[in-house]
Amino acid sequence: MCIRDSINAEYGILKKSQKMADVPANAPSHCPGTSSEQAGKADSCAGCPNQSACQTAPKGPDPDIPKIRERLADVKNKVLVLSGKGGVGKSTFSAQLSLALSSRDKQVGLMDIDICGPSIPQIMGVEDEQIHRSNIGWSPVYVNDNLGIMSVGFMLSNQDEAVIWRGPKKNGLIKQFLRDVDWGELDFLVVDTPPGTSDEHLSIAQYLGAAGAVSYTHLTLPTILR
């Protein structure tokens, strides 16, 4: 069953005890933390560059966390590919890393959470494929026998169609990619993220963090050439 026209973006929230890891490096003093109910709302949040993202990021107890943990129980390694700016090659790196790992007989999943600019389907040459659903969940699009991909790009009726979603809807789809996709047993789940530090990054870090350890790969290029 094709689910291109039946995206069910749900609104989930997650609660964790506040730790220093919940406070972004560029946050002002007295930051309540990204997981606090006051995140983005407290007086100390005024003027913070993360205020909008913190307001829409998942907070509070989330009944789907156990489902995500169960779904990802057979994923040995989770790798987030991040960068503070665009155009540094995150998607290309994510695709090449996934292909390299799969060429070494590793079971690999590649998840594209660049909701507004999904490029992984085109990079991998499968932009015309669709996602299908079965009684065990959504099926990734397979590039080869041991490399599956999930991206909102597979859900668009027109590849030139713009995706203009607010934070809660993005968070809902990311949760579905983790909770509803039948990833199976994986050696690596590689996650390609959009530029910056916004809703998608906060959501994926909290959801994956609740499901186990996560590795981070940060890409950067100099902004000033001398």
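The values are calculated or read from the model by the stated rules, or taken from the named source; none is laboratory data. Small disclaimer: the values here were computed from a predicted structure and weren't measured. Cβ placement follows ideal geometry from the backbone for every residue including glycine, while neighbour counts extend to all protein chains displayed. Side chains included, ligands, DNA and RNA excluded: accessible areas come from the protein's heavy atoms. Shrake-Rupley method; radii C 1.70, N 1.55, O 1.52, S 1.80 Å.
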Computed ³J(HN,Hα) along the range 159-168: with the Karplus parameters 6.51/-1.76/1.60, θ = phi - 60°, integer Hz and x for glycine or proline, the list is 5, 8, 6, 7, 9, 10, 10, 7, x, x
Measuring with a 1.4 Å probe in the full set of protein chains, what accessible area per residue, in whole Å², belongs to the range 102-180?
-> 46 Å²
Given the Cα-Cα distance of Ala162 and Lys76 and 0.36 nm per residue of separation, how much length would full extension add, in nm?
-> 27.5 nm
Put +1 on the Cβ of every Lys and Arg and -1 on every Asp and Glu Cβ in the range 106-214; which of Met124, Gln107, Gly137 then has its Cα farthest towards the positive end of the dipole?
-> Gly137
Once amide H atoms are built 1.01 Å from N in the peptide plane, which residues 5 or more positions from Asn77, or in another chain, come under 5 Å H to H?
-> Phe188, Leu189
Quick tally, 1.4 Å probe accessible area for Lys169, Lys78, Lys41, sorted with the most first, runs Lys41, Lys169, Lys78
Rounded Å value of the spacing that divides the Cα centres of the range 27-45 and the range 48-121 = 25 Å
Listed by chain and number, the residues whose amide H is under 5 Å from that of Gly196, excluding neighbours fewer than 5 places away on the same chain and using placed H, are Ser83, Gly84, Lys85
When all protein chains stay in place, what accessible area (Å², nearest 10, 1.4 Å probe) is found for Arg69?
-> 110 Å²
Accessible area, probe 1.4 Å, largest first, for residues Trp165, Trp183 | Trp165, Trp183
Can you pull the Kirkwood radius for the range 85-212, inverse mean 1/r over Cα pairs, to one decimal in Å?
-> 14.8 Å
Projected area of the range 93-160, taken from the Cα convex hull and averaged over every viewing direction, in nm²?
-> 4.7 nm²
Please give the contour-minus-distance gain from Asn135 to Lys41: 0.36 nm per residue of separation, less the Cα-Cα distance, rounded to one decimal in nm.
-> 29.8 nm
